[in-house]
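Everything on this sheet refers to the single structure shown next.
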Amino acid sequence: MPPQIPHPDPGTPDTRGPMRYLWWLVRCQPWRVLRGSLLGTAWMIGLSARPYLIARAVDDGLRTGDTRALALWVAAIVVAGVGLSYLGIMRHRTMTFIREDAKARSAEVLLRHLSRIGAVLPRRVGAGEVSTIGGSDIDWTAQVLTLTGPGVGAVVAYGVIAVVLWSISPMLALCVLVGVPVVGLVVGPLLRRLERAESVYRRQQGALTARSGDIVAGLRVLAGVGGRDLFARRYAARSQELRAEGYRVGAVNSWIDAATVAIPGLFLAAVVWLTARMAVTGDVTIGELVAVYGYVATLIVPVWFLLEGSHQLIRGRVAARRIADLLNVTPDDVGGPGRRWPDQTPEARRPEARQPEARQPEARQPEAHRSEAHRSEAGRPGSVPEARRPPGPAAPDGPADLHDPVTGLTVRAGWLTGVAVDDPATAVALADRLGRYVVSGVTWGGVPLRDVALDEVRARILVADHDSYLFAGTLRDILGAGADDDDERIGAALRTASAQDVVDALPAGLDTPIGARARTLSGGQRQRLRLARALHREPEALILIDPTSAVDAHTEARIAERLRTARAGRTTVLIATSPLLLGRADLVAHVSAGRVTGTGSHTDLFDSDPAYRHLVARGSEEAYR
């Protein structure tokens, strides 16, 4: 097995502003940036060496007829060309390393931050926005670092050429010294206009990307309810708006690109015209005329780099601002005792929220049990030993009631509780509160859940989404089974989730490799595997969000019956509107307009609560009596 190369820490970015973030990228690789600056400067100055050598060849060789001097100067021109080529190669090579390092570093800090803020991310930033920032914005930010090489060299070369021209004619030097700032004044307003247009365009692009992702994710559902055409028309309309905004950005870009080419050309023409008149009057020699033309032609390169660098800086500032804004998104204060943000100063520390995988059984935190029946498993990997638990209010020693004051819901310990919610957003918010993924007043056995050590909560309470992420790996890995897990325990979870047929259909059974998101499986198969994964963890309290929405009625009835048996005596919450699931619950709570409006058995609520009956009947009341 080859030795593992340690992965370097990308560092802690400065997110107090876009320019501070760009400067942090520079400071992360100081020696490479210094090398790039030196090579860029040497290359830029080297461009002005050849006009001088050509001028000497004209004056010392051609005009005097000195063949030997002409040969020496020609050889010097060839050597300068070879050296300049080498400097150009090394400059480009170094700057590529600088840009790629900046891209990788930005990607790493973004990925690290996204893994920390977890559940708060979808509520603060759209998926399309994250995708755009993680793609093109990182690239534009890295492009700004070109200014540290050719950009620095352009400024130095500008000064050197001005000094050389001063030795030939102070008037020519003044033209150069005054002309280049005038070019900046002409292009400056265009750059500011570009920054405004680019900011609007990037926001709309992120929103449209999010919309396209939502459409693709729900394409099958949209087709089933006849909404595909409606969403297609809305997407087309938003695309037209984005295209119009893109035209605005393109128009400003075209003017900047035109100015980048035209203004230096006009500048060159003016200086050459002035020098030619001086040559006619005898103020400069023919060789100096050639040299001035070469100097000014060479000056076009640094001027172009300065204009292009300004263009890149505007785009990079917009991109860096978006990156910094995303990095400044902080998790909700749900960390409780003993869980703090790493890599931050004490003044800036914030409690850590759940990571994206925390709601998914792939998280490497198996749920230990505190009831008498499962105390023997409290020491298995992932549990929190008593001696190492962070200080704070002690969690209940065994199963205890969960109470949510927002809805008035009380989840009885050891019961299978069904919760029928009339609003999907309210259902998700309820699960987040019960699992302590947001700040809330939920109590656990009378103890405020927010005050209990987060490790303890994660180890004993599991919230399982019906669409949680499935990582790539073997089916055994996806189910979260370790090497010490026997097939009988895995099989029990699969049987309860009615997912054994999924394993039987795979060529290598549990050892069959599955790709990310398990796209080779159907929606119902993926959902059953997610349920099996949650059941395999055997948490003390299991909160399931609509676990059978993608399966047929027969499979759903089978899962409902087996789930009741498998979770007997343990706290289980079924947040669903399926009468097949709710009919197996010990107690059903109806949540309407954000509050519990009724509790009882499914049959009792169906008979006495018209709103509940309308919610769960799905248009056929008689079928579910």
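The values are calculated or read from the model by the stated rules, or taken from the named source; none is laboratory data. Keep in mind the model is a prediction, meaning the values are calculated, not measured. Don't worry about glycine lacking a Cβ; one is built from the backbone with ideal geometry, like all the others, and counts go over all protein chains shown. Accessible surface areas use protein heavy atoms only, side chains included; no ligands, DNA or RNA. Shrake-Rupley method; radii C 1.70, N 1.55, O 1.52, S 1.80 Å.
General observations
- For the stretch 397-444, the relative contact order comes to 45 percent (Cα pairs under 8 Å, sequence separation of at least 6).
- Cα gyration tensor category, rounded, prolate or oblate, for the stretch 28-69 with a/c compared to 1.5: prolate
- Between the beta carbons of residue 552 and residue 505, assuming R0 = 25 Å, the FRET efficiency works out to 0.90 to the nearest 0.05.
- Contact order normalised by residue count of the stretch 492-572, Cα under 8 Å, 6+ apart, percent: 41 percent
- Where the Cα pairs of the stretch 487-529 fall when distances are cut into 5 Å bins, in %: 5, 23, 33, 27, 11, 1
- Extension reserve of the residue 329-residue 495 stretch, reckoned as 0.36 nm per residue once the Cα distance is removed: 55.6 nm
- Per residue, the convex hull around the alpha carbon atoms of the stretch 475-625 comes to 126 Å³.
- On full extension, the segment bounded by residue 568 and residue 451 gains 39.3 nm, given 0.36 nm per residue less the C-alpha separation.
- Formal net charge of residues neighbouring residue 496 (Cβ-Cβ distance under 9 Å; K, R +1; D, E -1): +3
- By average C-beta atoms within 10 angstrom, highest first, the peptides 412-418, 94-100: 412-418, 94-100
- Positive-end residue of 496, 551, 529, charge dipole of the stretch 476-583 with Cβ unit charges: 551
- Förster-model FRET efficiency, 35 Å R0, residue 277 and residue 77, C-beta, rounded to 0.05: 0.80
- Our estimate of slack between residue 107 and residue 488, defined as 0.36 nm per intervening residue step minus the Cα-Cα distance, is 133.0 nm.
- With distances taken between every two different alpha-carbon atoms, the stretch 24-112 has a Kirkwood hydrodynamic radius of 15.4 Å.
- Approximate spin-label separation residue 517-residue 174, in nm, with each point projected 7 Å along Cα-to-Cβ: 6.7 nm
- Antiparallel %, DSSP beta bridges [both residues in the stretch 487-625], to 5: 50 percent
- Ranking 245, 488, 538 by solvent-accessible area of protein heavy atoms (1.4 Å probe, all protein chains present), from largest to smallest, gives 488, 538, 245.
- Using the Cβ-Cβ distance between residue 163 and residue 242 with R0 = 41 Å, the FRET efficiency computed as 1/(1 + (r/R0)^6) comes to roughly 0.25.
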